[in-house]
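Single-structure report; data block below.
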Amino acid sequence: MYAIIDLQGTQVRVEKGEKFLVNRIKALKDKKIKVENVLFGKKGSAYVVGDPYIKGAYIECDVLGETRGEKLIAFKYKRRKSTQSKKGHRQELTELKVKDIHLP
């Protein structure tokens with residue numbers, strides 16, 4: 001059984017017991033999140049497709065904590081101008097674990 005959810009503008013494929021990272025959610029550690037934006041679900045050999053979301057379907061997730069992603073470097077350079085700039089960025093992420101998938 002798996003589902004595709006829409007969480008903060010990104011689509012994520014999730015399965016029961018799976019851990020995944022999303023953009024930072026302002027939630028405390030050891031809390032539960034209920035995601036109701038389920039786009040697609042597969043249960044056994046049956047498929048459920050939403051329009052755009054499946055009514056009555058939701059995913060229960062546990063918040064494991066917050067972390068930061070890999071460092072990304074933005075480097076700009078102009079030849080013959082002696083101009084260059086280097087900036088780094090690390091995205092703040094929240095780690096979630098799927099507790100249960102409920103499909104109608």
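Every read-out reported here was derived from the displayed coordinates using simple, explicitly stated rules and does not represent laboratory data. Everything numeric in this text was worked out from a predicted model, so none of it was measured. Here Cβ is always computed from backbone atoms with ideal geometry, including for glycine, and neighbour counts include all displayed protein chains.
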Run the quick spin-label model on His89 and Thr67: label points 7 Å from Cα toward the beta carbon, then report their separation in nm to one decimal.
-> 2.1 nm
Taking the Cβ of Tyr58 as the center, what net charge do the other residues with Cβ under 10 Å away carry, scoring Lys and Arg +1 and Asp and Glu -1?
-> -2
Dividing the alpha-carbon radius of gyration of segment 2-102 by 2.2 N^0.38 Å (N being the number of residues), what value is obtained?
-> 1.47
Flagged as over-length at 21 Å C-alpha distance, from Lys32/Lys71; Lys26/Lys55; Lys26/Lys76; Lys16/Lys42; Lys71/Lys97, the pairs are Lys32/Lys71; Lys26/Lys55; Lys26/Lys76; Lys71/Lys97
Highest-MSF residue in the chain out of Lys55, Lys26, Lys43 [GNM, Cα springs under 10 Å] | Lys26
For the pair Lys55 and Arg80, how long in nm is the line joining their label points, each one 7 Å along Cα→Cβ?
-> 6.6 nm
Compute log10 of I(q)/I(0) for segment 64-104 with the Debye formula, placing one identical point scatterer on every Cα and leaving out solvent, at q = 0.13, 0.24, 0.34 Å⁻¹, to two decimals.
-> -0.53, -0.84, -1.07
